[in-house]
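The values are calculated or read from the model by the stated rules, or taken from the named source; none is laboratory data. Note that the structure is predicted; figures quoted are calculated from it, not measured. Cβ coordinates were reconstructed from backbone atoms using ideal geometry, including for glycine residues, and neighbour counts include every protein chain displayed.
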Amino acid sequence: MTASNLFSPDDFPVGCMVTDNKRRILYSNHFIEAYSGYSTDNLLGADLFVLLSKASQIMFETYLMPTLVREGRCDEIRLSLVNALDGTLPIVASAQSDDASECILWSISSANRSDQLFEELTETKKLLEQKVSLLRTLSDTDPLTGLPNRAALTHYLDQKMLERKRNGMAFALAFVDLDGFKEINDHHGHHVGDRVLQTVAKRLASNLRSDDLIARFGGDEFVIFLNGQFSHSLVEESLTRLVGKLSEPLTVDGVPLHLSASMGVTLYPQAKEVEPGQLIRQADQAMYQAKLAGKNQVCLFNIDNEASLKERYSELSALQAALASNQFELYYQPKVNMRTGEILGAEALIRWHHPEEGLKAPASFLPALRNTTTGIALGRWVIACALNQLQTWREQGLDLHVSVNIDGYHLQHPNFLHDLSVTLAGFPALPKQRFELEVLETSTIEDIGHVYSVLNACRRMGIRISLDDFGTGYSSLSHLRDLSVDTLKIDRSFVKNMLTSSGDLAILKGVIGFASAFGCDVVAEGVETFQHSQQLIELGCEFGQGYYIARPMPAHAFQAWAAAWAREEFPRSTQT
Amino acid sequence: MLLKEEIVARNNVTVVGSGDKTLMLAHGFGCDQQVWQHLIPYLEKDYTLVLFDYVGSGKSQISSFSESRYRTLEGYAKDVSEICQALNLDQVHFMGHSVSGMIGLLASIDHPELFASHLMLCPSPCFLDAPPDYYGGFERADLEELLDLMDRNYIGWADYLAPLVMGPESAELLIGELADSFCSTDPVVAKIFAKATFFSDYRHKLAEAKHPAVILQSERDTLANPKVGRYMHAHMPGSTLRLLASEGHCLHMTQPELVAQEVNAWLRY
């Protein structure tokens, strides 16, 4: 007896079934009977669809049947079996068509296990989705303020600008920088600074529309994306209101703080195609303009500004290159006692040997250096160069004062004093009082208290301080009250007109009086004629500097000039 | 406007047979143009047969798939009229199986100049029941279960999960890389076609029919039962209803000879 006679399909733990080409069930084994709850008698001759859920019937018609016709078989299709009690059971069915009998042979098994696997995979997928979305949130969010971070902003901008190409959307982009935030951090600590940033984030959010985007760009910088078409006046008006909101009084941990913000804004679209990064830079530049214009305000970006900034940038690069390749030189203009002819010293004045344009006076290139690190680098070079010259002259037996002009921005640099003392340490034999800093009275000085303390520290080091162009600034008198200086330099404009203008003469007399009252020397600038010198001497101002005495000259010419000067009787005008 | 070659490649258009009359054969949900292979031998001698795959099915360019276009049948109808325009066809007799009957109707309402008549094989304008006037054969729960079964039958979990991990930007790229094979293997694309097919209701469009149509109705068909055929006939002007002594929804595969007879009868009117 062979094994095939021992076992029938009823013995197998799998459903076996045969259907004809009209879907009628011709055969089903015990497994089907047990699994479906229908007796074999009920199943025979019945429509296969009795056993299939509606959805499974669609699967049959749209997938299983076409596959069977095409390929003769269809493997492992997950269907739902409807049992006699109207419940559904998951099954996996494989079917094979038998061409000779035009029948379909089925094997059917339970899909409980694979369904369990499916559920677990679905659960895993859900968890993974949550994890991924959490990771996305973390990588896109600034943890301190909960606002989108710089990466999220960049992504958002890219998307929006791509969208714009399709449907012509418009927006405004504002760059916000807090005023005086560093001071808050320095004076009250970072925890207060953090609270301030959170407050700013809240104030921005509560004063903007829900479809605007606010991102923390970094530090105390925020970027706002304002949806919609804006005119210049409209965007300026809305943002000025926002600036007002930000500067409302603020208390953190019982500490009342003063806060304000400067904003720059640019509009999109623009006449020329711009990149997202360029747009942010435009808003940033406009913000910088708002800072320069006095902070706590909004400044609109305009293309002309950008052009002038570009020009300034290229000028700056040229100046950096000039500094690196030693194209600057100090000229020296003597200061003398106009009564005795004694040479007191010289003021160092910078010149640029431009490779193409020849010798250039400072008025042509200093403006580009204003408030720049290159300007500070040049200021350092001037100091070092002048000290070096001073030492050379001393070694040659020429005992002079040398003064240099110091820019307000340089003076306020946190490292100024340190740099200066390091430089001075390189000239140990030099008496410090031979060196003089000329501070321009009109230079933009933001923190006057800080400048006073720097200048006083310089004086304590022995360096002389003079106030340049005295009388042209607005706070001359209060300067004199709070700041002890060695010399007042009377501005050339008063000297120039003293012979004809009684007003200028009166001011001149007054300045000379102040100098005497405060116990400082007084030097007149712009002494151009014998008459000027004589009248100044009469008024009590003996020290002078100007074309009448000598023009600025290269260092190597100074000694020859001094010798010639000494040989001549003063005043020379009696001889000319 | 895409070039002819681009459309032909996009929809895997093939033209077989010869004859003055052009018969366009459009597959239904879950299939592609290969479902017509048993019918072609009966028709290719007498007609110019235009076959194609909808974008997202068969050997179409799946990179052309976009959810916004193909989440309604109008998107598929655009495929049809664009193919006709690209091949410079007019007077097209359109044979659509199942959901394609409605897709062809939508195309012919928008571009009546391209079509001559419809042969609707087991069509349905709406698979959902809308009692008491209309019985499409299914309740919403049945169709929800269908989507679930599609999920469970889809084995490419790695492909399914990859876009999730790689981010939404790369999804289109991945769709493009999926293998072209029988009955679109991309579950996202297949489910969008399933939803467009089984959850839509285009009964209101029947009255706008501009061409004669023959409804080939199977006597026993779960997907498009005889009530559906009668409803369509009643609501579609210029329609003829032919109730065929047959079982099932895929007559073109199971009884091609019978279908060919009906085609000949209709086109030689």
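Scanning the range B:102-146 for residues that are free of Cβ contacts under 8 Å to residues at least 40 places away in the same chain, away from chain A (no Cβ under 14 Å) and touching a strand residue (DSSP E or B) at 6+ places or on another chain (Cβ under 8 Å) yields a count of 2.
Looking only at residues of the range B:237-259 that are closer than 17 Å to B:His97 by Cβ and assigned to a loop (DSSP other than H, G, I, E, B), we find that the one that is farthest from the other protein chains (Cβ to nearest Cβ) is B:Gln255. Among the residues of the range A:59-98, those identified as farther than 24 Å from B:Asp221 by Cβ and outside any strand (DSSP E or B) are A:Asn83, A:Ala84, A:Leu85, A:Gly87.
Could you tell me which residue of the range A:138-153 is nearest to A:Phe230 (Cα to Cα), considering only residues that are within 14 Å of another protein chain (Cβ to nearest Cβ) and surrounded by 11 or more Cβ atoms within 10 Å (Cβ to Cβ)? Filtering first and then ranking leaves A:Ala152. Is the range A:495-510 home to any residue that is closer than 30 Å to A:Met461 by Cβ and modelled with pLDDT of 85 or more? Within the range A:495-510, not a single residue is closer than 30 Å to A:Met461 by Cβ and modelled with pLDDT of 85 or more. Tallying residues that are at pLDDT 85 or above, within 30 Å of A:Cys74 (Cβ to Cβ), of a type in the set (D, E, K, R) and in contact with a helix residue (DSSP H, G or I) (Cβ under 9 Å, 6 or more places away or on another chain) within the range A:104-144 yields 1.
When A:Ala283 is tested against the conditions (1) outside any helix (DSSP H, G or I); (2) crowded, with 19+ Cβ neighbours inside 10 Å; (3) touching a residue at least 60 places away in the same chain (Cβ under 8 Å), the lone failure is (1). Taking the listed residues A:Leu68, A:Leu48, A:Leu52, A:Leu79, the one that is surrounded by 15 or more Cβ atoms within 10 Å (Cβ to Cβ), under 25 Å from B:Phe198 (Cα atoms) and in contact with a Cys (Cβ under 6 Å, 6 or more places away or on another chain) is A:Leu68, with no other qualifying. Annotation: of all residues in the range A:500-547 being over 21 Å from A:Gln433 (Cβ atoms) and aromatic (Phe, Trp, Tyr), the one that is surrounded by the most Cβ atoms within 10 Å (Cβ to Cβ) is A:Phe514.
Check the range B:41-55 and report whether any residue there is within 14 Å of another protein chain (Cβ to nearest Cβ) and surrounded by 15 or more Cβ atoms within 10 Å (Cβ to Cβ). Yes: one or more hits.
Per the conditions (1) outside any loop (DSSP other than H, G, I, E, B); (2) surrounded by fewer than 20 Cβ atoms within 10 Å (Cβ to Cβ), the sole criterion not satisfied by B:Val228 is (2). State whether the residues of the range B:24-33 include one that is small (Gly, Ala, Ser) and more than 13 Å from chain A (Cβ to nearest Cβ). Yes, that holds for at least one residue.
What's the number of the condition A:Ser39 fails, among (1) within 13 Å of another protein chain (Cβ to nearest Cβ); (2) more than 18 Å from B:Ser218 (Cβ to Cβ); (3) not β-branched (Val, Ile, Thr)? Result: A:Ser39 passes all but (1).
Among all residues of the range A:360-379, there is none that is assigned to a strand (DSSP E or B), more than 26 Å from A:Leu292 (Cβ to Cβ) and not hydroxyl-bearing (Ser, Thr, Tyr).
Taking first residues from the range A:197-225 that are of a type in the set (Ser, Thr, Tyr) and partners that are at pLDDT below 95 and outside any loop (DSSP other than H, G, I, E, B), the Cβ contacts under 9 Å between residues at least 6 apart in sequence or on separate chains come to A:Thr199/A:Leu250; A:Thr199/A:Val252; A:Ser206/A:Lys245.
In the set A:Leu300, A:Leu319, A:Leu369, only one residue is touching a Phe, Trp or Tyr at 6+ places or on another chain (Cβ under 7 Å), crowded, with 17+ Cβ neighbours inside 10 Å and over 29 Å from A:Leu398 (Cβ atoms); that residue is A:Leu319. Residue pairs whose Cβ atoms lie under 6 Å apart, separated by 6 or more positions or on different chains, with the first residue in the range A:458-469 and closer than 21 Å to A:Arg492 by Cα and the second among the hydrophobic types (A, V, I, L, M, F, W, C) and part of a helix (DSSP H, G or I), are A:Ile465/A:Leu455.
Among the residues of the range B:85-104, which ones are in a helix (DSSP H, G or I) and surrounded by fewer than 23 Cβ atoms within 10 Å (Cβ to Cβ)?
Within the range B:85-104, B:Gln85, B:Ala86 meet the criteria.
Looking at B:Val92, B:Val55, B:Val50, just one residue is modelled with pLDDT under 95 and of a type in the set (Val, Ile, Thr), and that residue is B:Val55. How about the range A:9-33: which of its residues are out of contact with any helix residue (DSSP H, G or I) (no Cβ under 9 Å at 6 or more places or on another chain) and either modelled with pLDDT of 90 or more or in a helix (DSSP H, G or I) (or both)? Across the range A:9-33, the qualifying residues are A:Val18, A:Asp20, A:Leu26. The set of residues from the range A:237-250 being in a helix (DSSP H, G or I) and either farther than 24 Å from A:Thr199 by Cβ or without any contact (Cβ under 8 Å) to a residue 24 or more places away in the chain (or both) comprises A:Glu237, A:Ser238, A:Gly244. Screening A:Arg203 with (1) closer than 23 Å to A:His155 by Cα; (2) at pLDDT 90 or above; (3) crowded, with 17+ Cβ neighbours inside 10 Å gives one miss only, at (1). Restricting the search to helices (runs of 4 or more DSSP H) fully inside the range B:132-203 and requiring at least 2 residues that are modelled with pLDDT of 65 or more and either surrounded by 14 or more Cβ atoms within 10 Å (Cβ to Cβ) or hydroxyl-bearing (Ser, Thr, Tyr) (or both) gives B:140-153, B:187-198.
Here is a check on your reading of the model: is A:Leu330 in a strand (DSSP E or B) and without any contact (Cβ under 8 Å) to a residue 24 or more places away in the chain? No.
The set of residues in the range B:204-218 being assigned to a loop (DSSP other than H, G, I, E, B) and among the hydrophobic types (A, V, I, L, M, F, W, C) consists of B:Ala209 alone.
Residues in the range A:365-402 that are under 23 Å from A:Ser421 (Cβ atoms) and of a type in the set (Asp, Glu): A:Glu395 alone. Only one of the listed residues (A:Ser107, A:Ser56, A:Ser4) is more than 14 Å from chain B (Cβ to nearest Cβ) and in a helix (DSSP H, G or I). That residue is A:Ser4.
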